[in-house]
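Just so you know, all these numbers are worked out from the coordinates, no wet-lab data involved. All figures in this text were calculated on a predicted structure; none of them were measured in a lab. Using ideal geometry, Cβ is built from the backbone for each residue, glycine included, and neighbour counts are taken over all protein chains shown.
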Amino acid sequence: MPTILIDGNPYEVAEGRNVLQAALDHKLDLPYFCWHPAMGSVGACRLCAVKHYRDENDEHGRLAMGCMTPATEGTRVAIDEPEAAQFRRSVIEWLMINHPHDCPVCDEGGECHLQDMTVMTGHAHRRYRGRKRTYRNQYLGPLIHHEMNRCIQCYRCVRFYVDHSGGHDLGVFASRDRVYFGRVEEGALESPFSGNLVEVCPTGVFTDKTYRRHYARKWDLQSAPSICGHCGLGCNTLVGARYGSVRRVANRYNSEVNGYWLCDRGRFGYEHVNADDRLLKPQTPRRDGDELSVSAGRVWDEAIAAIRVTAATGKLAAVGSPRASLESNFALLTLVGAERFCTGIAEPERRLVGRFAHAARAGAFHVPTLQEIEGCDVILVLGADLTHEAPLLDLALFRAHAAAGAAIHLVGLRAGRVGEFAASFESGDPGSIATRGRAVAAGLRADGGEDPVAAVLAAAHCPLVITGTQHRDAEVLEASLAIVEALRARNGTHPWFAMSVSEANTLGVELLDDRRGMSLASVIDAIEVGDISVLVVAENDLFERCEDHRRLADALQRLDALVVLDHMVTATSSLATHAFPAATIPESSGTLVNSEGRIQRFCQVLRPAEDVVPSWSATRDIIAAIGRAEDADWQHLEDVTAAIEASHPAFDGATKLAPALGFQLEHQPISRVGHRYSGRNATIRPDAPDEPDALTEVGGLGPDGALPVAPRTPGWNSNEAINRFRIEVDGPLRGDNPGLRIFATNGNGAHPAPSPLDPGRSPAAATPSALDTPRSTAAATPSGDDDTVLVCAAAEIFGSESMSRRGPALAELAPDTYLRLHPKRAERLGVVEGRAYRLRLIGETFETSLEAVVKVDDELPDNVAVIPAGYAETRWWQQPTWMRLESVEVEP
Amino acid sequence: MKVRTHYPPWAAVTGLLRAMWIIFKYQFRRPVTIQYPEQRAPVAPRNRGRIVLTRDPDGEERCVGCYLCAVVCPVDCIALQATEDEHGRRYPEWFQINFSRCIYCGFCEEACPTYAIQLTPDYEMGEHQRSHLIYHKDDLLIDGPGKRHQYNFYRHAGVEIGGKDKGEAIAEEPAVDIRDLLP
Ligand code: SF4
Ligand code: SF4
Ligand code: SF4
Ligand code: SF4
Ligand code: FES
């Protein structure tokens, strides 16, 4: 490690760093703007000036930019030197000449890097008396507010938006002192990562528009480490709340998961927590609709009476949820027993998830982290639209492409944004995607063969195969696994394989159900034959998991009691005999398992409304009320996690993910709020979460370790303070706790694989239903003269996920319900692009109707029709289905 | 400083006599007690008492909801929620001060960047119920500009609000034309 001299003191620095990084590594205050730990140096802002001396005899030195000066052995610089300090002060003074008098009304205020740097350089007095340059703002959509006057021309925004994340529609315009950062024309920013501008821009040019509506300063936010619940990647977030509502979501740095970034769904999807359509009181929807005619106590007593009776006769079952925590699912499992527990994942998806999870547990392949993916050189994406399914994977792919020149090959129904930088894209229906995958596998086995994709994969140093679950097609997964297996056989190394899953805890609930309880279809069968008379459903809308809605509704109506715990009003909760409000992720603590098999803990940020409790504790109370208190002897979340650890070896170590109850740092519990939190005595009490855990609302400042509550240190109030909490900049945090991986990991891909894939491992459902048999997607009808099309669903980043789309900002960005068809098919059906139709879709076992706008797309195979996945109108879709279409035009 | 711990025995007597002498002297001074409330002591105009929220010279609310008064308050007795109107002008949706906690230190007035919050010489704030000492926006907002007659924050700020476009603030150039390529 080289030793450099800063202000005459020797400092050891890591290899390959520059003087600015070295200074920050050693917690010295050297101001900067344009350098960013992930985006590196460009030397544009001139703020990080230091005096650089040639050698120990050099007495004069010269000004040099710290971020452009390599910290090599013997480098001698001075930060605390009059000329350098004066230079830095002048840079700020020049920038401030045009800076508006905005701090009081600027959403960056209090966490503004420009404010911090101005104070740090000591520029305190405005001497310039001339006029200020002004700009007009642009409308940039419902997520980002633009206030161009505040720009300091550091270029971080375009460097992030264009260079780092591959966006197109933000740029720098105009000349001399008129340079302008914005779009060619007003309009919503197109990149799904636009929210990161809020954090990247060191000033208040780009601010969070949703936060503006209920603005609070950073120092007033009650924050706790949380996990994004809007896709399977489990990005780390820092949720800020004030006076009982969630105000914003910001990135929480995790060196192995999301780094500095979040996607817009994760950042702006929080609005559902504050939405009006939440279930907030115990109620009896089947009897009274949405009227609250019965007291909470009555609803509870009735529900308990029903459950107690059926628990004795064995006609009780429970459906968990892939969007609920491990603890909530485990509590349900404890209530009904493993045989009567259903994960709540529809069978077509569950088959894929189960196969993937068990193969990964068995160590058949290595599931790389997002950071590792950035280092791959050839990536084959088979049947996944990552932009819309798992947005940050799209960013990882772009990084791999832009930084390391990785070749990305896509085979799928839709390319998404990845198509813009992919080396090839082949479009096909799920059946042909699988066939294509098999061909690649065959090509690999035949030494590259004729197949171009197989040839590049064969030649790759670090190949990676990624698939998704959106087509719900087991053949696509098997084809991907065949490629993985072929890679293993060919290279003799541990192949890398990743699969995006749709929800935050899909893998967790799948692994929790290790005894293979009921499938959803068998639950419905059992209700129909009277084998289940009371059903408890937690945080799940069964109408999103079942295609035959009429049959499902009939079955749910037949139940003596349907007890639903959820935080949203859903189709299922509206049929419940007893519905109880559950806590959302920011309102509770729990454990989730992401798509790379990482167990992570989210901590309660704010106290929910009265009557709202986490599903696990409501279920515990049910268990106690039916006289089995000893089965659920849990006081705190930790007790449930410990019980899971004891019964499921897969989750070993889950209790160590957060500081233990009673943990203290310097004799104080970790605080959810900083010492500047205001208004404590204004008679509005700080809304202290009531669930005791290691975090409290009073006490010391957040620790600099495992759970950075809201990073700030004296002099560093912006999110740049994160560098103060690390051993070295861009390295892991001090006391880093990036979660626990439960899949066998093997970072470098150079080790021999332990075991080949065993196709027989995929466990079948214990009680199979006729509906569980996979439906063939192989062309049942040769396209051309028939009206039958294969109806597939495409994930939409804004709109397909059930929670985030309830917020107004993301709802505005979600495309209207559409039906995409090949032009030939549209012509046969007699429908025209851009018009709305009422469609009847008639399948073999069920039919449904849909109102949608027709979109014509000639890249689509002509036997396929695509609808958006997971919309209220299309949530019946569970797997590709051959259906006949009939259409009637809807008058506009 | 040297602290004296032992006193000579006669110190008790001299101390007593000295105290009696002081009391005796006060017999010949004018009393400071006045007959409140019939009589009132004069208060200096800058005396710090009841807090008000003032308006700018145009009669609009001055407070922009920046939260600086709330954070500087050493007893944390100020709470508010910022919001904005349809033209982007920020104002407090609600604002409350708990005068049973306020220590009249005046820090909020010093911190306020818009001269909105000001302390007045009024000190007569007795209430029978403690909860009545929590003043809300209607109780706090007055109709005038208080001690600062001229200042209007939005005439200096760069944000546009209803009735003030970009470039129309004090000491601002008109908004630049970014399509202009002239050097
Ligand atoms: S960007 Fe920073 S310095 Fe500029 S107005 Fe906003 S808070 Fe103030
Ligand atoms: S808009 Fe922000 S990030 Fe972009 S150049 Fe200006 S100050 Fe820098
Ligand atoms: S990529 Fe997924 S987990 Fe990450 S922020 Fe976006 S929705 Fe959330
Ligand atoms: S400091 Fe002034 S402008 Fe800011 S919130 Fe308080 S009263 Fe309003
Ligand atoms: S940080 Fe070094 S020049 Fe900007």
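Measuring r between the beta carbons of B:Met125 and B:His156 and using R0 = 35 Å, the FRET efficiency lands at 0.55. Converting phi to 3J(HN,Hα) with the Karplus coefficients 6.51, -1.76 and 1.60 and the offset θ = phi - 60°, the stretch A:455-469 yields 5, 5, 4, 5, 8, 6, 7, 9, x, 9, 10, 10, 10, x, 10 Hz in sequence order, with x at every glycine or proline.
Counted by neighbouring Cβ atoms within 10 Å, the residues B:Ser100, A:Ser165 run from fewest to most as B:Ser100, A:Ser165. Here A:Lys855 is the anchor, and the lysines within straight C-alpha reach of less than 22 Å, apart from those fewer than 8 places off in the same chain, are A:Lys824.
Report, in degrees rounded to the nearest 10, the 0 to 90 angle that the Cα long axis of helix B:11-26 makes with the longest principal axis of chain B. Helix B:11-26 sits roughly 60 degrees off the main axis of chain B. For a distance above 18 Å, tell me the whole-number percent of Cα pairs in the stretch B:1-78 that qualify. Cα-Cα pairs in the stretch B:1-78 separated by more than 18 Å: 75 percent.
Summing +1 for each Lys or Arg and -1 for each Asp or Glu among the other residues whose beta-carbon sits under 14 angstrom from that of A:Asn505 gives -4. Rounded to the nearest 20, the Cβ-based charge dipole of the stretch A:458-510 about its Cα centre (Lys and Arg +1, Asp and Glu -1) stands at 260 debye. For the stretch A:199-264, the Kirkwood hydrodynamic radius comes to 12.7 Å, computed from all pairs of different C-alpha atoms. Could you check how many percent of all C-alpha pairs in the stretch A:367-494 are farther apart than 25 Å? Every Cα pair in the stretch A:367-494 considered, those over 25 Å come to 14 percent.
If you take the alpha carbon atoms of the stretch B:51-148 and fit the smallest convex hull around them, that volume is 95 Å³ per residue.
Extension gain for A:Glu827-A:Glu859 works out to 10.0 nm (0.36 nm per residue, less the C-alpha to C-alpha distance). Placing a label point 7 Å from the Cα of A:Glu891 along the Cα-to-Cβ line, the residues of the stretch A:827-852 whose backbone N sits under 16 Å from it are A:836-838. Reported value for the stretch A:163-308: 194 Å³ per residue, from the convex hull of its C-alpha atoms. Of A:Lys132, A:Lys27, the sequence from fewest to most neighbouring Cβ atoms within 10 angstrom is A:Lys27, A:Lys132. The orientation-averaged shadow of the Cα convex hull for chain B, equal to a quarter of the hull surface, comes to 21.3 nm². In this calculation the C-beta distance from A:Ala423 to A:Arg178 is compared with R0 = 22 Å, giving a FRET efficiency of 0.05. Of the chymotrypsin sites (Phe, Trp or Tyr not before Pro) in the stretch B:1-49, the ones in a loop by DSSP (not H, G, I, E or B) with at most 14 other beta carbons within 10 Å are B:Trp10, B:Phe28.
Pull out the extension gain between A:Phe663 and A:Ala338, defined as 0.36 nm times the separation in residues minus the alpha carbon to alpha carbon distance; nm, one decimal. Full extension of this stretch gives 113.6 nm more. Between the C-alpha center of the stretch A:81-137 and that of the stretch A:862-887 there is a gap of 55 Å. Using a simple spin-label model with pseudo-atoms 7 Å out from Cα toward Cβ, A:Ser90 and A:Asp633 lie 7.5 nm apart. Divided by 2.2 N^0.38 Å, where N counts the residues, the Cα radius of gyration of the stretch A:779-890 comes to 1.04. With the helix formula -39500 (n - 2.57) applied to DSSP H stretches of n ≥ 4, the protein assembly as shown reaches a computed 222 nm mean residue ellipticity of -6500 deg cm²/dmol.
Each Lys and Arg adds +1 at its Cβ and each Asp and Glu adds -1 at its Cβ; summed about the Cα centre, the protein assembly as shown shows a dipole of about 4220 debye. Ordering B:Lys147, B:Lys166 from the fewest to the most neighbouring beta carbons within 10 Å gives B:Lys147, B:Lys166.
All C-alpha pair distances within the stretch A:416-486, sorted into 5 Å bins from zero, spread as 4, 17, 25, 28, 20, 7, 0 percent across the bins.
Each listed q (0.05, 0.08, 0.09 Å⁻¹) maps to a log10 I(q)/I(0) for the protein assembly as shown from the Debye sum over equal C-alpha point scatterers, namely -0.37, -0.91, -1.13. Derived value for the stretch A:3-96: Kirkwood hydrodynamic radius 13.1 Å. Basis is the mean of 1/r over every pair of different alpha-carbon atoms. Charged neighbours of A:Asp58, selected by a Cβ distance under 13 Å, balance to 0 (K, R count +1; D, E count -1). Counting only residues at least eight positions apart within a chain, or on another chain, the aspartates and glutamates with an alpha carbon under 17 Å from that of B:Lys164 are A:Asp102, A:Glu147, B:Asp56, B:Asp58, B:Glu60, B:Glu61, B:Glu84, B:Asp85, B:Glu86, B:Glu172, B:Glu173. Isolated cysteines in chain B, defined as those with no second cysteine Cβ under 4.7 Å, comprise B:Cys63, B:Cys66, B:Cys73, B:Cys77, B:Cys102, B:Cys105, B:Cys112.
Separation of the alpha carbons by more than 30 angstrom is noted, of A:Lys218/B:Lys137; A:Lys281/A:Lys315; A:Lys281/B:Lys137; A:Lys209/B:Lys137, for A:Lys281/B:Lys137.
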